[in-house]
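**Student:** Before I ask anything, let me first share the structure, which is written out below as structure tokens.
The values are calculated or read from the model by the stated rules, or taken from the named source; none is laboratory data. No experiment lies behind these values; they were computed from the predicted model shown. Don't worry about glycine lacking a Cβ; one is built from the backbone with ideal geometry, like all the others, and counts go over all protein chains shown. Keep in mind that these areas ignore ligands, DNA and RNA; they rest on the heavy atoms of the full protein, side chains included. Shrake-Rupley method; radii C 1.70, N 1.55, O 1.52, S 1.80 Å.
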Amino acid sequence: MGKGGEKGEEAEEREAQSRLYSWEEIRRHNLRTDQWLVIERKVYNITKWAARHPGGSRVISHYAGEDATDAFWAFHLNPSFVQKFLKPLLIGELAPGEPSQDRGQNPQLVDDFRALRKTAEDMNLFKADPLFFSLYLAHIIMMEALAWLLVSYYGTGWITTFILSCILATSQAQAGWLQHDFGHLSVFKKSSWNHIVHKFVIGHLKGASANWWNHRHFQHHAKPNIFKKDPDVNMLHIFVLGDSQPIEYGKKKLKYLPYHHQHEYFFLVFPPLLIPVYFQIQIIMTMVRRRFWADLAWAFSYYMRYFIMYVPFYGVLGSLFLLTFVRFLESHWFVWVTQMNHIPMEIDCEKHRDWLSTQLAATCNIEQSFFNDWFTGHLNFQIEHHLFPMMPRNNYCKIAPLVKSLCTKYGVHYEEKSLGKAFKDIVGSLKKSGDLWLDAYLHK
């Protein structure tokens, strides 16, 4: 580009920076067809660009009309590189008299959290340990090999098949935690390497879609436990969650299912069916409808490998039954681990809190132990993971004391419990919500 073009761009940028906006004006631009957001006091019009956002249009649209500074830093491995894409979208800045935080957020808390992030960077807590992740991948591949060797040497008897299924389910669960690391860009310094290995782990080792996972999971992190923004709390009328939704359903006399029994039918619906039925259908439909052909190829490579390994022993139909049973076992593991940190917490509509308060309201931790770390893929440190999603998981324990201290300073509830209590609280929370629905349904 010539000097004239560069000068023209600089002039446009200076003109944009001279435009000043109030929060009242910015809040009005929160529609699907009209979206502004704020990053470090600069105002950007993302209306046309949202559809091209690499992380998906929905996750960035959830911040329309709001300050997205902390979300921006949480999700981008190389913010300076991303700034290049933001420049053409710049339309102005917050007026000098406007606070940096909107809707009565505590500016000191926000500043202290950002200082904590800087401390984590200075402590090299965003630097991954290659040995840790190499060994983690190796132990998954070893389990896959062990399962095949088991059936090769001992045949297809019921006991052997059950043991093999447990090994494969363990391998799949652990691969699920590992793909989560690469999906969050927490292993390699370059985003491209994380994306490539993410597709290998979630595609070739699990038969799922990286793009499906990204678009769904990043929304959950951006707005956890917030109705209409977090897809993980969209229960398709099968369950009612939190305190407000069951009362709303009850008042409207909505009874898709007997929700006062949801803590009982949970065991029949959620753990056994989420992965083998709901996720499986959703993943395939998403890859085909959105034309994620690369993801489809990776998933195809998983099924090719699986059937080449097991059809000689079980036949086609037997291999399908085996795969379904493995998914069934994995689904129980996945549901209990992923829901224990969120379902018992606050689930409600958007309240426009700061980043720290938003994440702490929706997440809790499980006590640390070697088993808990392995069993949950370090998601027992769910609070730290949600605050710093790109931090390598083996560093959560190092930042946790500093997060606790910051929460204590500002009176933000930091909840930690045992694994057993966390499982129990899922059922207790569902029962509480079901009782709220029944009361509202009968009496309001």
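**Student:** From zero outward in steps of 5 Å, how is the percent of C-alpha pairs of region 69-120 spread across the bins?
**Tutor:** Result, from short to long distances: 4, 14, 19, 23, 22, 16, 2 percent.
**Student:** Membrane-span-like helices in the chain: DSSP H runs reaching 24 Å or more (Cα, own axis), mean Kyte hydropathy at least -1.0?
**Tutor:** Numbers: long enough: 130-154 (36 Å, 1.44); 158-183 (37 Å, 0.57); 293-339 (36 Å, 0.81); 419-443 (36 Å, -0.01).
In the chain, the long hydrophobic H runs are 130-154, 158-183, 293-339, 419-443.
**Student:** Please compute the contact order of region 221-308 in relative form: average sequence separation of alpha-carbon pairs under 8 Å and at least six residues apart, divided by the residue count, as a percent.
**Tutor:** Values: 26 pairs, mean separation 10.5, N = 88.
Answer for region 221-308 is 12 percent.
**Student:** To one decimal place, what orientation-averaged projected area in nm² is obtained for the convex hull of the Cα set of region 164-288? Can you show the working numbers first?
**Tutor:** Numbers: hull surface 37.9 nm².
Here the figure is 9.5 nm², rounded to one decimal.
**Student:** If you filter region 176-285 for chymotrypsin sites (Phe, Trp or Tyr not before Pro), then keep DSSP loop positions with at most 16 other Cβ within 10 Å, what is left? Can you show the working numbers first?
**Tutor:** Working: sites: Trp177, Phe182, Phe188, Trp193, Phe200, Trp212, Trp213, Phe218, Phe227, Phe239, Tyr249, Tyr256, Tyr259, Tyr265, Phe266, Phe267, Tyr278, Phe279; in loops: Phe188, Phe227, Phe239, Tyr256.
Taking region 176-285 and a limit of 16 other Cβ atoms within 10 Å, the loop chymotrypsin sites (Phe, Trp or Tyr not before Pro) found are Tyr256.
**Student:** How big is the charge dipole of the chain about its Cα centre, in debye rounded to the nearest 20, if each Lys and Arg gets +1 on its Cβ and each Asp and Glu gets -1 on its Cβ? Don't skip to the answer; put the middle values down first.
**Tutor:** Values: 48 positive and 42 negative charges, 191 e Å.
With Lys and Arg at +1 and Asp and Glu at -1, about 920 debye.
**Student:** Using 10 Å bins from zero, what percent of all Cα-Cα pairs in region 122-171 falls into each bin?
**Tutor:** Answer for region 122-171: a P(r) of 24, 36, 19, 13, 7, 1 percent.
**Student:** Determine the alpha carbon to alpha carbon distance for each of Lys228/Lys253; Lys206/Lys424; Lys255/Lys351; Lys351/Lys404; Lys228/Lys409 and list only those over 25 Å. Mind dumping the intermediate values first?
**Tutor:** Values: Lys228/Lys253 21 Å; Lys206/Lys424 29 Å; Lys255/Lys351 27 Å; Lys351/Lys404 23 Å; Lys228/Lys409 32 Å.
Violating the 25 Å limit, Cα to Cα: Lys206/Lys424; Lys255/Lys351; Lys228/Lys409.
**Student:** What full-extension length gain, to one decimal in nm, is calculated for Thr324 and Ile284 as 0.36 nm per residue of separation minus the Cα-Cα distance?
**Tutor:** Working: separation 40, 0.36 × 40 = 14.40 nm, distance 1.55 nm.
That pair, Thr324 and Ile284, stretches by 12.8 nm at full extension.
**Student:** Next up: Taking one equal scatterer on every alpha-carbon of the chain, how large is log10 of I(q)/I(0) by Debye at q = 0.06, 0.10, 0.12, 0.13 1/Å?
**Tutor:** Rounded to two decimals, the profile gives -0.29, -0.80, -1.12, -1.29.
**Student:** Given a 1.4 angstrom probe, I'd like the percentage of the accessible area of the chain that is carbon and sulfur, rounded to a whole number. Could you put the intermediate results ahead of the total?
**Tutor:** On the way: 13430 of 21430 Å².
For the chain, the apolar C and S fraction of the accessible surface comes to 63 percent.
**Student:** What's the extension gain from Phe371 to Ser57 if we count 0.36 nm per residue and subtract their Cα-Cα distance? It would help to have the intermediate numbers written out before the result.
**Tutor:** On the way: separation 314, 0.36 × 314 = 113.04 nm, distance 3.76 nm.
The span from Phe371 to Ser57 would gain 109.3 nm if fully extended.
**Student:** Ok, one more. Please compute one quarter of the surface area of the Cα convex hull for region 275-376 and express it in square nanometres. Intermediate results must be reported in sequence, preceding the final value.
**Tutor:** Values: hull surface 39.6 nm².
Projected area, direction-averaged: 9.9 nm².
**Student:** Same structure again: How long is the gain from Leu257 to Asn124 if the chain were fully straight, where each residue apart is worth 0.36 nm and the alpha carbon distance is subtracted?
**Tutor:** On the way: separation 133, 0.36 × 133 = 47.88 nm, distance 4.98 nm.
Once the chain is fully extended between Leu257 and Asn124, it gains 42.9 nm.
**Student:** In nm, give the distance between the simple-model label positions of Ser152 and Leu236, each being 7 Å from the Cα along the Cα-to-Cβ direction.
**Tutor:** With each label placed 7 Å out from Cα toward Cβ, I get 3.9 nm.
**Student:** Once ligands and nucleic acids are excluded and a 1.4 Å probe is used, how much of Glu367 is accessible, expressed in Å² to the nearest 10?
**Tutor:** 90 Å²
**Student:** Where the eigenvalues come from the Cα gyration tensor of region 372-420, what are the semi-axes √(5λ) of the equivalent ellipsoid, largest first, in whole Å? All intermediate terms of the calculation are to be shown ahead of the outcome.
**Tutor:** Values: eigenvalues 71, 37, 13 Å².
Each semi-axis is √(5λ); the values are 19, 14, 8 Å.
**Student:** Would you calculate the separation in nanometres between label points at Leu317 and Lys409, each defined as 7 Å from the Cα along the Cα-to-beta-carbon direction?
**Tutor:** It works out to 6.6 nm between the two label points.
**Student:** Another question about this same structure. Treating each Cα of region 94-187 as an identical point scatterer and ignoring solvent, apply the Debye formula and state log10 I(q)/I(0) at q = 0.13 Å⁻¹.
**Tutor:** With no solvent term, the Cα-only Debye profile gives -0.68.
**Student:** Say R0 is 41 Å: what FRET efficiency, to the nearest 0.05, do Ala294 and Phe267 get from their beta-carbon distance?
**Tutor:** Working: r = 37 Å, r/R0 = 0.91.
Step by step, r from the Cβ atoms, then E = 0.65.
**Student:** Quickly estimate the mean residue ellipticity at 222 nm for the chain, helices only: each DSSP H run with n ≥ 4 gives -39500 (n - 2.57), and the total goes over all residues, rounded to 500.
**Tutor:** Working: 19 runs with 267 residues, N = 444.
The helix contribution divided over the chain gives -19500 deg cm²/dmol.
**Student:** State the answer as a single residue: which of Gly428, Phe334, Phe313 lies farthest towards the positive end of the charge dipole of the chain, with beta carbon charges of +1 for Lys and Arg and -1 for Asp and Glu, about the Cα centre.
**Tutor:** Checked the options; the winner is Phe313.
**Student:** Another question about this same structure. In whole Å, what is the distance between the alpha-carbon centres of region 71-87 and region 199-236?
**Tutor:** Their Cα centres are 21 Å away from one another.
**Student:** Something else: Considering only protein heavy atoms, what per residue accessible area in square angstrom results for the chain with a 1.4 angstrom probe?
**Tutor:** Details: 21430 Å² over 444 residues.
Each residue of the chain exposes 48 Å² on average to a 1.4 Å probe.
**Student:** Cys349 accessible area, nearest 10 Å², 1.4 Å probe?
**Tutor:** The accessible area of Cys349 comes to roughly 80 Å².
**Student:** For region 274-375, which trypsin sites (Lys or Arg not before Pro) are in a loop by DSSP, counting at most 14 other Cβ atoms within 10 Å? Don't skip to the end; give the middle numbers.
**Tutor:** On the way: sites: Arg289, Arg290, Arg291, Arg305, Arg327, Lys351, Arg353; in loops: Arg290, Arg291, Lys351, Arg353.
Answer by residue number: Arg290, Arg291, Lys351.
**Student:** For region 100-199, calculate the relative contact order in percent as a whole number, restricting contacts to Cα pairs under 8 Å that are 6 or more residues apart. The partial results should precede the final answer.
**Tutor:** Numbers: 54 pairs, mean separation 24.1, N = 100.
For region 100-199, the relative contact order is 24 percent.
**Student:** When only Cα pairs under 8 Å and 6 or more residues apart are kept, what is the percent relative contact order across the chain?
**Tutor:** On the way: 593 pairs, mean separation 84.6, N = 444.
In percent, rounded to a whole number, it is 19.
**Student:** With a Förster radius of 25 Å, plug the Cβ-Cβ distance of Asn78 and Lys421 into 1/(1 + (r/R0)^6) and report the FRET value to the nearest 0.05. Could the numbers behind the result be given before it?
**Tutor:** Working: r = 40 Å, r/R0 = 1.60.
Rounded to the nearest 0.05, the efficiency is 0.05.
**Student:** Quick one: order Thr408, Thr376, Thr338, Thr324 from most to least accessible surface, probe 1.4 Å.
**Tutor:** Values: Thr408 110, Thr376 0, Thr338 25, Thr324 80 Å².
Output order, biggest surface exposure first: Thr408, Thr324, Thr338, Thr376.
**Student:** Based on alpha-carbon centroids, what's the gap between region 377-436 and region 292-320 in Å, whole number please?
**Tutor:** Using only Cα atoms to place each centre, the spacing works out to 37 Å.
**Student:** How about region 196-246: which trypsin sites (Lys or Arg not before Pro) there are in a DSSP loop, with at most 16 other Cβ atoms within 10 Å of their Cβ?
**Tutor:** On the way: sites: Lys199, Lys206, Arg216, Lys228, Lys229; in loops: Lys206, Lys228, Lys229.
Here the sparse-neighbourhood loop sites are Lys228.
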